[in-house]
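The next block holds one structure in the form of structure tokens; read it before the comments.
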Amino acid sequence: MSADLTLPELRAQWNQVLDRLEAQDRIAWIAYFDARLAEFDGQTLTLDFSDARKLSGSHEYSPARLKLENSLKSAIFEILGIKVEIQELA
């Protein structure tokens, strides 16, 4: 995949990304399964968790978030061949 990937194209392949993520890191898969793909500018993927409270709230899970995010980035790279930054909306 090229860096010119659009949000609709990413959405079309999102289940493959989630399948890869589940195979590699089931906890990360659980965390990101309910995320909505809100925006993608070719570099930063914005995930919306407004419906899912798993990663939102007042709890501090920075070390866990970083590990989960890295697992997601890895799965995206393996399936789509692109490196992205992740941004979360809560």
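The values are calculated or read from the model by the stated rules, or taken from the named source; none is laboratory data. Predicted model, so just to flag it, every value in this text is computed and none were measured. All Cβ positions, even for glycine, are placed from backbone atoms using ideal geometry, and neighbour counts span all protein chains on display. Just so you know, the surface numbers come from the protein's heavy atoms only, side chains and all, with ligands and any DNA or RNA stripped out. Shrake-Rupley method; radii C 1.70, N 1.55, O 1.52, S 1.80 Å.
For Asp48, the accessible surface of its heavy atoms amounts to roughly 40 Å² (probe 1.4 Å, protein chains only, rounded to the nearest 10). With the simple spin-label model, which puts each label point 7 Å out from Cα in the Cβ direction, the Gln16 to Ser74 separation comes to 2.0 nm. With the whole protein complex present, Leu66 retains an accessible surface near 100 Å², based on a 1.4 Å probe. Trp29 sits with roughly 50 Å² accessible to a 1.4 Å probe, with DNA, RNA and ligands left out of the calculation.
If the chain between Arg36 and Lys83 were fully stretched, how many nm would it gain, using 0.36 nm times the residue separation less the Cα-Cα distance?
Working: separation 47, 0.36 × 47 = 16.92 nm, distance 1.87 nm.
Once the chain is fully extended between Arg36 and Lys83, it gains 15.1 nm.
Residues Phe49, Phe33, Phe40, ordered by accessible area of protein heavy atoms at a 1.4 angstrom probe radius and largest first, appear as Phe33, Phe40, Phe49.
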